[in-house]
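Only the coordinates and a few stated rules stand behind these numbers; no lab work does. This is a predicted model, so every value here is computed, not measured. Methodologically, a virtual Cβ is constructed for each residue, glycine included, from the backbone with ideal geometry; neighbour enumeration extends over all protein chains shown.
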Amino acid sequence: MSKKKESLDVIRLAHGAGGVLQEKLIDFITKNIPLKKVNNGIGVEELDDGATIPLDNYNKEIVVTADGHTVFPLFFPGGDLGTLSVCGTVNDLLMMGAEPVALTSMIIIEEGFEFEKLGKLVNSMNLKSKEANIAIIAGDTKVMPRGTLNEMIIATTGIGIKDKKIKVLDNHLKAGDKIILTGSIGDHGTALMASREGLNISTNLKSDLSLLIDIYNAIQFEINNNLIHAMKDPTRGGIAGALNNWAEKSNVSIWIEEEKIPIKKQVVAICDMLGLDSYNIACEGRALLAVDPVNSKIILKKIKSTQIGKDAEIIGEVKSENPKRVFLETIVGGTRFIDMPLGEPIPRIC
């Protein structure tokens with residue numbers, strides 16, 4: 001088989017990395033599903049952070065999200081696989097405007113994995129689920145033969161509940177909306193990359209891995225009254241992937257100011273050293289929000305009142321012209337596109 005044909009016929013790491021190639025992979029997997037939603041709720045076709053199941057004769061709907069976690073190394077500065085599996089799942093529920101209720105956990109372990117490491121990871125899951133006040137109600141455990149799996153993966157399903165009237169969705173951005181970013185970008189991906197063997201990068205940078213519950217609680221009034229039109233945690237693909245996703249689904253353009261985007265000097269230095277674009281790098285404790293412009297400063301103030309959101313900023317706005325594109329107004333006065341990344345440049349980061 002030629003190299004050209006092989007590249008087209010096989011799955012590559014980039015197909016699971018949150019960019020253009022992952023969209024193609026998801027389309028390949030889901031296009032022939034015969035039934036894609038329940039009771040006219042949000043389903044597979046919307047490709048949002050979760051799905052909804054509206055309950056008949058009741059003003060509530062169930063929110064469901066599913067996530068697989070394959071991070072390497074399993075223990076990294078600021079967290080581990082166990083913490084990540086809970087935070088990632090809970091945050092996806094919150095980004096749908098839902099109150100997290102329960103999760104399931106499937107743990108797949110490679111033969112030869114140490115019980116000591118497993119115990120630490122399970123303990124991390126338990127502690128973080130207690131912090132989130134979310135029950136672990138079911139799961140499954142499998143052991144794979146040595147050499148057929150790299151250590152361990154965790155797959156989770158999150159279950160939440162919300163009022164039917166709450167509409168926090170990727171396709172709900174409106175012209176005039178302000179874009180809020182709740183903290184510095186790129187901390188998670190660059191911290192993991194710096195901690196991997198062979199790079200010899202010395203830094204005190206830690207992953208931003210966190211639950212977003214405090215922010216959710218601070219803006220509950222605005223969520224309930226649909227003053228927040230969309231929320232997204234920019235994981236795989238970073239803010240570039242998340243913003244392009246919004247612009248495409250909502251048929252709008254998004255204009256971002258470079259000088260407003262919070263980013264740590266260590267992240268800039270590591271990205272420059274490795275030739276990476278910080279806008280493409282994953283976060284695990286940040287959120288993007290598209291909010292009603294009249295209430296944007298009030299919402300920002302509430303977010304900044306939380307410890308996790310203290311560095312939040314309004315970084316841009318939504319416009320109707322030039323739809324389906326994301327623009328960056330640079331510090332030097334120019335404007336350039338922020339394109340959808342081909343894929344997350346750092347494998348196994350979440």
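The table below gives the values:
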read-out	value
FRET efficiency estimate (nearest 0.05) - Cβ-Cβ, Lys24 to Arg196, R0 25 angstrom	0.35
Hz values of 3J(HN,Hα) by residue in region 139-149 - Karplus curve (6.51, -1.76, 1.60), Gly and Pro given as x	x, 8, 9, 10, 10, 9, x, 3, x, 9, 8
Relative contact order of the chain, defined on C-alpha pairs under 8 angstrom at six or more residues apart (%)	23 percent
Simple Cβ-charge dipole of region 61-163, Lys/Arg +1 and Asp/Glu -1, about Cα centre, in debye nearest 20	140 debye
For region 280-293, 3J(HN,Hα) per residue [Karplus equation, 6.51 cos²θ - 1.76 cosθ + 1.60, θ = phi - 60°, Hz, x = Gly/Pro]	8, 8, 5, 10, 10, x, 10, 9, 9, 10, 9, 10, 3, x
Neighbour-count ranking [beta-carbon atoms within 10 angstrom, fewest first] of Tyr58, Tyr279, Tyr216	Tyr58, Tyr216, Tyr279
³J(HN,Hα) computed for each position of region 88-103 - Karplus, 6.51 cos²θ - 1.76 cosθ + 1.60, integer Hz, glycine/proline x	x, 6, 4, 5, 5, 5, 4, 5, 8, x, 9, 8, x, 10, 7, 9
Max mean-square fluctuation residue, GNM over the chain, Cα-Cα springs under 10 Å, options Glu313, Glu284, Glu258	Glu258
Rounded, prolate or oblate (a/c below 1.5 giving rounded, otherwise prolate when a/b exceeds b/c) for region 119-212 by Cα gyration tensor	oblate
CD proxy at 222 nm, helix term only [per DSSP H run n ≥ 4: -39500 (n - 2.57); per residue of the chain; nearest 500]	-8500 deg cm²/dmol
Residue-span extension gain [Asn32 to Lys324] - 0.36 nm each, minus C-alpha spacing	102.5 nm
GNM result for the chain, Cα springs below 10 Å: residue of Pro293, Pro234, Pro100 fluctuating most strongly	Pro293
FRET efficiency for Ile136 and Ala66, using Cβ-Cβ distance with R0 set to 25 Å, rounded to 0.05	0.95
Three-way shape label, region 178-337, alpha-carbon gyration tensor, a/c 1.5	oblate
Radius 9 Å from Cβ of His229, net charge of other residues (Lys, Arg +1; Asp, Glu -1)	0
Within region 169-194, backbone nitrogen closer than 17 Å to the virtual label 7 Å beyond the Cα of Asn225 toward Cβ	178
